[in-house]
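Inspection log for the structure reproduced underneath, given as structure tokens.
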Amino acid sequence: MREQRKRLVGVVTSDKMDKTVIVEVTTTKRHPVYGKVMRLRKKYKAHDEANECQIGDRVQIIESAPISRHKRFAVVSILERAK
């Protein structure tokens, strides 16, 4: 049985590299002791083969085999274009 690959939704914060974008994914988590809801942000480098993502785009990324030293995700689709 094959494991499901992670699918994350985030916003492109940088598109300056060739075929690579930086995607910031925001998740919410409850603090284990105090119960306060915290907003956590994490940045992922994702492969963008066609260089079509722009800063501010909402994209879906999927876990993939290592593409380079830091790239472990690839852009699947652009959900919403930047305004």
Tell me yes or no: at least one residue of the range 28-35 is in contact (Cβ under 8 Å) with a residue 24 or more places away in the chain and among the hydrophobic types (A, V, I, L, M, F, W, C).
no
If I ask for residues that are among the hydrophobic types (A, V, I, L, M, F, W, C) and modelled with pLDDT of 95 or more, which ones from the range 1-30 would you list?
Leu8, Val9, Val11, Val12, Met17, Val21, Ile22, Val23, Val25
Quick check on my filter: what residues within the range 1-24 are over 11 Å from the mean Cα position of the chain (by Cα) and in a loop (DSSP other than H, G, I, E, B)?
Met1, Arg2, Glu3, Gln4, Arg5, Asp15, Lys16, Met17, Asp18, Lys19
Please return the ranges of strands (runs of 3 or more DSSP E) entirely within the range 25-80 where 1 or more residues are small (Gly, Ala, Ser) and surrounded by 11 or more Cβ atoms within 10 Å (Cβ to Cβ).
37-47, 73-80
Can you name the number of the only condition in (1) touching a strand residue (DSSP E or B) at 6+ places or on another chain (Cβ under 9 Å); (2) modelled with pLDDT of 95 or more; (3) hydrophobic (A, V, I, L, M, F, W, C) that Val33 fails?
(1)
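The values are calculated or read from the model by the stated rules, or taken from the named source; none is laboratory data. Keep in mind the model is a prediction, meaning the values are calculated, not measured. A quick note on method: Cβ atoms are made from the backbone with ideal geometry, for glycine too, and the neighbour counts reach across all protein chains shown.
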